[in-house]
1. Inside region A:67-80, can you point out the residues that are buried (at least 21 other Cβ atoms within 10 Å of the Cβ) and not basic (Lys, Arg)?
2. Being open to solvent by less than 10 Å² (accessible area, probe 1.4 Å) and either over 29 Å from B:Val441 (Cα atoms) or in contact with a strand residue (DSSP E or B) (Cβ under 6 Å, 6 or more places away or on another chain) (or both) is the filter here; which residues of region B:273-297 pass it?
3. Restricting attention to region A:150-168, report how many residues are away from chain B (no Cβ under 14 Å), hydrophobic (A, V, I, L, M, F, W, C) and either touching a Ser or Thr at 6+ places or on another chain (Cβ under 6 Å) or buried (at least 18 other Cβ atoms within 10 Å of the Cβ) (or both).
4. State all residues of region A:369-387 that are more than 24 Å from A:Val254 (Cβ to Cβ) and out of contact with any Asp or Glu (no Cβ under 8 Å at 6 or more places or on another chain); if no residue qualifies, say none.
5. Take region A:128-176 and flag every residue that is at pLDDT 95 or above, among the polar types (S, T, N, Q) and within 20 Å of the chain's Cα centre (by Cα).
6. Name every residue in region B:392-418 that is under 15 Å from B:His340 (Cβ atoms) and aromatic (Phe, Trp, Tyr), in order of residue number.
7. State all residues of region A:12-43 that are aliphatic (A, V, I, L, M) and either under 16 Å from B:Asp35 (Cβ atoms) or under 28 Å from the mean Cα position of the chain (by Cα) (or both); if no residue qualifies, say none.
8. Please pick out the residue among A:Gly420, A:Gly386 that is more than 26 Å from the chain's Cα centre (by Cα), surrounded by fewer than 17 Cβ atoms within 10 Å (Cβ to Cβ) and over 24 Å from A:His332 (Cβ atoms).
Protein chains: 2
Amino acid sequence: MLLVELIRKKRDSRELTREEIEFIVSGYTSGEFPDYQISAFLMAALIRGLSGAETAALTQAMLHSGQVLDFSDLPGKKVDKHSTGGVGDKTSLVISPVVAAAGGVSVPMISGRGLGHTGGTLDKLEAIPGFNVNLTLAQFRDVLAKIGCAMIGQTAEVAPADKKLYSLRDVTGTVESPFLICASIMSKKLAEGVDGLVLDVKTGSGAFMKSEADAVYLAELMVDTGERMGKKMVALITDMDQPLGNAIGNALEVEECIEMMRGKGAEDLRVLTLELCSWMFYLGERTRTVLEGYHLAEEMITSGKALNKFRELIEIQGGDPQVIDYPSRLPHAMHRVTVHAKAEGFVTAMDCERIGIAGVMLGGGRQKKEDSVDPAVGIVLNRKVGQYVQKNDTLCFVHYNSDANLDEVLGLLQSAYVIGPHLPVEPRPLIHRVIKGKSVV
Amino acid sequence: MLLVELIRKKRDSRELTREEIEFIVSGYTSGEFPDYQISAFLMAALIRGLSGAETAALTQAMLHSGQVLDFSDLPGKKVDKHSTGGVGDKTSLVISPVVAAAGGVSVPMISGRGLGHTGGTLDKLEAIPGFNVNLTLAQFRDVLAKIGCAMIGQTAEVAPADKKLYSLRDVTGTVESPFLICASIMSKKLAEGVDGLVLDVKTGSGAFMKSEADAVYLAELMVDTGERMGKKMVALITDMDQPLGNAIGNALEVEECIEMMRGKGAEDLRVLTLELCSWMFYLGERTRTVLEGYHLAEEMITSGKALNKFRELIEIQGGDPQVIDYPSRLPHAMHRVTVHAKAEGFVTAMDCERIGIAGVMLGGGRQKKEDSVDPAVGIVLNRKVGQYVQKNDTLCFVHYNSDANLDEVLGLLQSAYVIGPHLPVEPRPLIHRVIKGKSVV
């Protein structure tokens, strides 16, 4: 097999076989094939697209470039959730404890860091003093076996092909392909050895997929790919046209999660988290229906079992469990400033990406991969879409440590709120659509 | 300007500006941009295509990556011919002397070597003992000033961007783009400092562009690109569905050229050569009409002036001029074998690429760039399309030095002849079409 012939094949819109795709991925991972040939292949794949079989073969080849975890000796099904990323999207921190607290199903979760205007689960967890996301795979298994959930970052053993390919895509204009995105996400998630996977595919101004059609396309692709690999799959297309919940910023979001597990907090965050948990229970065969799963998730909250499981998780991964009862032990920013409404009317829309960027500019996210994040800073929303504001009402609070670009942040936030005399006739739903795999009834 | 943004722009089918294309080419030539980014760009350019303005900008940027010759101080117009490559295509060796012999116009010709199943002018010239194609640019100018023609290979000073880009295209599946082919050819040819250029774009089973539509597309692109750069341009779409003339093989082709300049030889070779010369005379303003140019070219042959000019050229570039009167001084293969017809009928077609490959397998061409060629070996056709053969008639002769893969060569040649009971109703013309630049009336 000649690599250049395979590049030409894809370039000419012909379908590659499983063997040909494995040849490309394994040769690249081993260092045999140079970057310049693979980047030409990636561009051809981006423009020509991949078939379902090609996408699954690429995912599988990337998955098997590294270690694939096997938790089949642990009792019960293993399930996980993956979100394509958004602003204020903190559901993972609640989902793991809720699902694990119910018993009979466990959650081995490997997460990522924030990138661009979006936050990342690892950064949020690290806002808890002492919390260690860098467990070895052996420690990961131990924690999972003991408490039913464990939360870590990607290790070098997991899908090394993805790591190499992602770096190359980043500098060659080959990021924005649903096929390559699918293979990247799914190769990492399926390395977790789960039986079922719930996807939270965001759409709206704060999502990577701004249009619903793009989000649905990616969701269907991921569901199909997971199914071809024998996994139970469901994808929820959910709204990211405004931040989820009220807090944006790592420690602020941990605090909001704790509040939620106490039965308080924002309705959108609560509903979406419960929906995602209910599907995880259902795919993990913990409940017979999704509705039953919803009630079970609610019960884990009201009974305090989820909060206890979170406490357990923090403790076993080296964090300070007292943050749960004393949130003041979380990092706090030195200063707080208020953003006021300049006009009276309804909040008709929010530019969610702009709010995410404001958070990054405060130091709460990364502009480059190498940047470190300030866990304390962030934004707390006081008004969201649909609410009425008087002039000078508080729109949101900004928690900051440095006023280096504070004016720009305040301007961004001010401009992110669209205030008008009438509400839109059709408000956007929280859950736009549910896409189920064929094996999911 | 960020290179990755320009890659994304081309990827998304948006047009790049002249400045953006110059940025890419100069950054790559200087070594600033890595191969892996440029190969992604080349793949995007191949699939998305380039506009006329983009193609001209790319050609210009590649042209100006090196030295651009200027012969405006020499009297008369400078013209050249370029062929996209074929089998038995030896017209350059006759054209240079014919045009130079007429005086008042000169031919600074930079040629290439054979690649794939096609032959190359430099390899043919080097079959003449002592002939030196590696002149410096200063020597090139001297020879041109003295005798009105000079024939050399590409030097490191000419279009270095093309050399670098071509090597990358070769291994990344980005060769087959009319836009990139056009920029590659034209950047080298325009570095010759010519006022007019005649293109011989081949089509048929022995051409790189098998379909006439592809040949016409490339021809129009090159004519348009040359015109945008102020050159007089004409392209002839000519037949390469069977070899041109009878000889295939370097020394054998030199011998055929000498014969032709003596007024003998194959009709197709004679007609095409005269046509190409007539257009060069016309573009070079040496004659007022193309027809007048045709008669002038004929006269250069019948008067013996062309052969004398060829003798002069060989001598001044270090070759043995006695080969003209004693072709036995050219290299000859040790053995000759005959390929016989297995059936009676008309030669209705020839697989021209197969005949080219047979020549390469004998050692007369290159399978890889680094290969050396055997000047002596080759094939002499005894029958061509349209002729009637009896069973056991001689189809062609094979001149060889090694019988390593002789059986395969003979099989290839046998199978390249298609013999049937009837001739095709519409025989292919030698010159399919003439495409003139707007400035050429």
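The values are calculated or read from the model by the stated rules, or taken from the named source; none is laboratory data. Predicted model only: the values in this text are computed from it and were never measured. Every residue, glycine among them, receives a Cβ derived from its backbone with ideal geometry; neighbour counts consider all protein chains shown. Please note that ligands, DNA and RNA were not included when accessible areas were found on the heavy atoms of the full protein model with its side chains. Shrake-Rupley method; radii C 1.70, N 1.55, O 1.52, S 1.80 Å.
1. A:Val79, A:Asp80
2. Those that are open to solvent by less than 10 Å² (accessible area, probe 1.4 Å) and either over 29 Å from B:Val441 (Cα atoms) or in contact with a strand residue (DSSP E or B) (Cβ under 6 Å, 6 or more places away or on another chain) (or both): B:Leu276, B:Met280, B:Leu283, B:Gly284.
3. Final tally of qualifying residues: 6.
4. A:Gly386, A:Gln387
5. Across region A:128-176, the qualifying residues are A:Asn132, A:Asn134.
6. If the condition is that a residue be under 15 Å from B:His340 (Cβ atoms) and aromatic (Phe, Trp, Tyr), then B:Phe397, B:Tyr417 are the ones that fit.
7. The initial filter retains those residues of region A:12-43 that are aliphatic (A, V, I, L, M), namely A:16, A:21, A:24-25, A:38, A:40, A:42-43.
A:Ile21, A:Val25, A:Ile38, A:Ala40, A:Leu42, A:Met43, listed by residue number.
8. A:Gly420
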